[in-house]
Amino acid sequence: MSKKFQHSGITKKFGQTILVSMVVARAENGVIGRDGKLPWHIPSDLQHFKKLTIGKPIVMGRKTYQSIGRPLPQRTNIVVTRNLDLGPQGVVQANDLLSALALACEDAHKSGVNEIMIIGGAQIYSQAITHADRIYLTEVHSKFDGDAFFDLDLRGWREVSRIRHKAGKPGSPEHSVVELWAPSL
Ligand SMILES: NC(=O)c1ccc[n+]([C@@H]2O[C@H](COP(=O)([O-])OP(=O)(O)OC[C@H]3O[C@@H](n4cnc5c(N)ncnc54)[C@H](OP(=O)(O)O)[C@@H]3O)[C@@H](O)[C@H]2O)c1
């Protein structure tokens, strides 16, 4: 796993570049989840997530899949789990992250899209970061109590856009939607 995934031959196999992107919402103190859920409710960010991921394969950990509770429509849902008997309907199961990325690339190629989306949670982000070309990061400008964290070191990443949004209803804090490109891009 030391080499970046896209250098492992899969891109050559498909004859096209498929970007590995991560979609993350993260509080100031690194919290991304609490009790299996998001600690905030930011409707515009859920719309942003939908817009980013629709039509593309999404890769997630088993706990994130269970927290969503159903396959997200119009996207191939790839769930990473060591449990061979997960058995949910409507999802593709992968037994490790690299298999999940390979399945996602194959799906992207078939669908004619050039990006696969890693959508969490903490365990999957921490393993996937070395493979990522882009991060779509929502910086939530508050601190939250939580039990799932993502320790994100952005040194070397290039910020290509940033849009700040004001707080909405209670539970929907001020946040910024940021796009970052990996040093190699
Ligand atoms: N803020 C955000 O943007 C965001 C996004 C997504 C999720 N979240 C939050 O994050 C939390 C969930 O994160 P989490 O870290 O607890 O769980 P997770 O990453 O969603 O899932 C962990 C599970 O994935 C499987 N897994 C992980 N690495 C694996 C590997 N290398 N090979 C095979 N299977 C592997 C294991 O499943 P098995 O135990 O079945 O083997 C493991 O228990 C929730 O609170 C959720 O709401 C936040």
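No value in this document is a laboratory result; all are computed from the given coordinates. Everything quoted here is computed from the prediction, not taken from an experiment. Cβ: placed from backbone, ideal geometry, glycine included. Neighbour counts: every protein chain shown.
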Flagged in region 46-88 as touching a Gly at 6+ places or on another chain (Cβ under 8 Å), farther than 25 Å from SER172 by Cβ and among the hydrophobic types (A, V, I, L, M, F, W, C), in numbering order, are VAL79, VAL80
Mind checking which residues of region 100-133 are of a type in the set (Val, Ile, Thr) and either within 13 Å of the ligand (Cβ to nearest atom) or within 22 Å of GLU159 (Cβ to Cβ) (or both)?
ILE116, ILE118, ILE119, ILE124, ILE129, THR130
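Answer yes if at least one residue in region 23-43 is away from the ligand (no atom under 14 Å from the Cβ) and buried (at least 20 other Cβ atoms within 10 Å of the Cβ), and no otherwise.
Looking only at region 23-43, we keep the residues that are away from the ligand (no atom under 14 Å from the Cβ), and these are 43.
Now restrict to residues that are buried (at least 20 other Cβ atoms within 10 Å of the Cβ): none.
Scanning region 23-43, I find no residue that is away from the ligand (no atom under 14 Å from the Cβ) and buried (at least 20 other Cβ atoms within 10 Å of the Cβ), so the answer is no.
Whether any residue in region 71-84 is part of a strand (DSSP E or B), farther than 21 Å from LYS50 by Cα and without any contact (Cβ under 8 Å) to a residue 40 or more places away in the chain is what I want to check.
Step one: list which residues in region 71-84 are part of a strand (DSSP E or B), which gives 77-80.
Among the residues that remain, those that are also farther than 21 Å from LYS50 by Cα are: none.
Taking every residue of region 71-84 in turn, none turns out to be part of a strand (DSSP E or B), farther than 21 Å from LYS50 by Cα and without any contact (Cβ under 8 Å) to a residue 40 or more places away in the chain.
Do we have any residue at all in region 52-63 that's in contact with a Pro (Cβ under 9 Å, 6 or more places away or on another chain), more than 28 Å from SER176 (Cα to Cα) and surrounded by fewer than 20 Cβ atoms within 10 Å (Cβ to Cβ)? Let's see the steps before the verdict.
Here is the first cut: in region 52-63, the residues in contact with a Pro (Cβ under 9 Å, 6 or more places away or on another chain) are 54.
Subsequent filtering for residues that are more than 28 Å from SER176 (Cα to Cα) retains none.
Checked against the condition, which is being in contact with a Pro (Cβ under 9 Å, 6 or more places away or on another chain), more than 28 Å from SER176 (Cα to Cα) and surrounded by fewer than 20 Cβ atoms within 10 Å (Cβ to Cβ), region 52-63 yields no hits at all.
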Would region 88-111 turn up any residue that is among the aliphatic types (A, V, I, L, M), crowded, with 17+ Cβ neighbours inside 10 Å and under 29 Å from LYS166 (Cα atoms)?
no
